[in-house]
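Notes follow once the structure below has been shown.
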Amino acid sequence: MVGRSPSTGKRDDGQEPIVDVDRGRHNRTVIPDTRYAKSGAVHIAYQVVGEGPIDLVLITGLFSHIEHQWEEPSFARFLERLASFSRLIVFDALGAGLSDRAPELPPMEEQMDDVLAVLDATGSTSAAFFGMSQAGPMAILFAASHPERTRALVLYGSYARPRAADGYPWGRSAEWMDDYGRLIDNAWGTGMFLSQVAPTRAADNAFRQWWSRYERLSYGPGNALAYFRMNAQIDVRPILPTIRTPTLVLQRRDDVYRDAGQARYLADQIPGAKLVELSGVDHLPYLGDSGAVLDEVQEFLTGVRPPPEHDRVLATVLFTDIVQSTERAGTLGDHAWMELLERHHAVVRRELVRYRGREIDTAGDGFLATFDGPARAVRCAEAIIGELRPIGLEIRAGVHTGEIELMDADGVGGIAVHIGARVAAQAGPSEILVSGTVKDLVAGSGIDFVDRGTHQLKGVAGEWRLFSVRSG
């Protein structure tokens, strides 16, 4: 998949080519093979990913489709990280996702039989279980009923019972349960639940489309409502003290969907359980600071916490954008314009290799690249301008040096990237515009500049002095 970078400024047609660098690129192109385990007369879909020393079974709860979940980059990265230190086993419960449909959803005892069938099919004699949200009680019951097959238990954003009761004030009210049931009945598959489980992504149209389809692929409205009603009756409080499996309880303190008191109760009642409260408002563990969740899981299961990553480095960013691209496309027609655009891309990529630049993203007719030195970035831009002129193309370019954030799968972000984009937006045809930082760092390189004065850069505080590279 191609990542997205920030805007390179207003285009010739007045539109701003927005490319979001805050969502790093994700390169998985192959969904893991889906296989089926036979549980009695029914078929349970499962996948196995990774070759780690411990088997880890992830149970996702109400929302489940083991192929569609790979199509959301944040979820895919979450799964890949789990698979980096385990042999990850994921499955769709009977009636959900790719498993056989069920006229009536089975009780938890029969769901445990399905889990055993998956364990047997994968050759797993003992596994750790990761129960997310509504799947927590089933993971708890499995650990209590099959301790010989349960190596460890991880509970995230879960509960002992969903409804409030005497001595258990953290559950839902009867009114809330009724309203939620009506939502499932009337609005399932529309993404209506995002504001509750993923408030930070509720306004993200692409994520909403993925999530809405995730709902529809998990269950039809009737089966989703049946799951919800069955789950509403669950109460595993009496069995919590019987669990002898090492248990980790994870909860985000400000989770807008789940009261943190639920997690504290679980940790208090399960002997020896470890409670870790994390920051964040999203209920879905693969959103927000998912790394904090994964670090805790990895350390709990393996005894090793991964070392901190060097996620910020000093780099030079180069943005390029074709001048008057809309007019050229309209004049040439689609076919001729696409051919010219391919020649443009070939030139840019050839010069990036020559000057040791790293292509981060291309969106339409613009490029974002990073360099380990500002002089190389400027020389690369000069070469691109010179090579494109004979084929009738002009570009504008912007260069800035600063600290950038390294995102997952080779994306970049941070204020330095945004500054570079805004600098490029101020450049004219065949002009390379740089920040004062770049000018100061290339002293002695032989590159000459013309002072372009101070500018206000959109979305960036303060005034910025910009310089134009003097053409040879």
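Contact order, relative form, for region 131-244: 33 percent (alpha carbon pairs under 8 Å, 6 or more residues apart, mean separation divided by residue count). Dipole size of region 227-302 about its Cα centre, with +1 on Lys/Arg Cβ and -1 on Asp/Glu Cβ: approximately 380 debye, rounded to the nearest 20. Counting only protein heavy atoms and using a 1.4 Å probe, what share of the accessible area of the chain belongs to carbon plus sulfur, as a whole percent? On the chain, the fraction of accessible area on carbon and sulfur atoms equals 49 percent. For region 119-210, the C-alpha radius of gyration sits at 1.39 times the compact-globule guess of 2.2 N^0.38 Å, with N the residue count. Angle, helix 334-354 long axis vs. longest principal axis of the chain, Cα atoms, 0 to 90°, nearest 10? Taking the Cα atoms of the chain, the angle to 334-354 is about 90 degrees. First select every other residue whose beta carbon is under 15 angstrom from the beta carbon of V399; then total the charges, Lys and Arg +1, Asp and Glu -1. Neighbour charge sum, excluding V399 itself: +3. Estimated at the nearest 10 Å², the accessible area of S471 is 100 Å² with a 1.4 Å probe. In the chain, one over the average inverse separation of all distinct C-alpha pairs is 25.0 Å, which is the Kirkwood hydrodynamic radius. A 1.4 Å probe run over the chain, with the rest of the protein chains in place, finds 42 Å² accessible per residue.
Using the Cβ of R201 as centre and a radius below 9 Å, the other residues enclosed give a net charge of -1, where K and R count +1 and D and E count -1. Mind checking the angle between helix 174-187 and the chain's longest principal axis? C-alpha axes, 0 to 90 degrees, to the nearest 10. Roughly 60 degrees between the two axes. Between Q233 and R312, the FRET efficiency estimated from the beta carbon spacing at R0 = 45 angstrom works out to 0.40. In terms of Cα to Cα distance under 14 Å, which aspartates and glutamates are near enough to K274, apart from those fewer than 8 places away along the same chain? Answer for K274, where 14 Å is the Cα cut-off: E296, E299, listed by chain and number. Between the beta carbons of N205 and V256, assuming R0 = 25 Å, the FRET efficiency works out to 0.75 to the nearest 0.05. Note on S471 and T190: the extension gain reaches 95.7 nm, defined as 0.36 nm multiplied by sequence separation minus the Cα-Cα distance.
Between S145 and T454, the modelled labels are 7.2 nm apart [label points 7 Å from Cα along Cα→Cβ]. Taking Lys and Arg as +1 and Asp and Glu as -1, the other residues whose beta-carbon sits under 11 Å from that of S99 total -2.
With the simple spin-label model, which puts each label point 7 Å out from Cα in the Cβ direction, the V304 to R213 separation comes to 3.7 nm.
Among the GluC sites (Glu not before Pro) in region 252-317, those placed in a DSSP loop whose Cβ has at most 14 other Cβ atoms within 10 Å are E309. In this rough spin-label picture, where each label sits 7 Å from Cα along the Cβ direction, the Q324-D100 distance is 6.8 nm. Summary value for the chain: 15 percent relative contact order, contacts being C-alpha pairs under 8 angstrom separated by 6+ residues. Peptide packing: for 253-261, 452-460, the average count of neighbouring Cβ atoms within 10 Å per residue gives the ranking 253-261, 452-460, highest mean first. Computed about the Cα centre, the dipole magnitude for region 308-358 is approximately 340 debye when only Lys and Arg (+1) and Asp and Glu (-1) carry charge, each at its Cβ.
The values are calculated or read from the model by the stated rules, or taken from the named source; none is laboratory data. Model, not experiment: these values are computed from the prediction. Here the Cβ is made from the backbone with ideal geometry for all residues, glycine too, and neighbour counts use every protein chain on show. When the accessible area is computed, the model is the full protein with side chains, heavy atoms only, and any ligands, DNA or RNA have been set aside. Shrake-Rupley method; radii C 1.70, N 1.55, O 1.52, S 1.80 Å.
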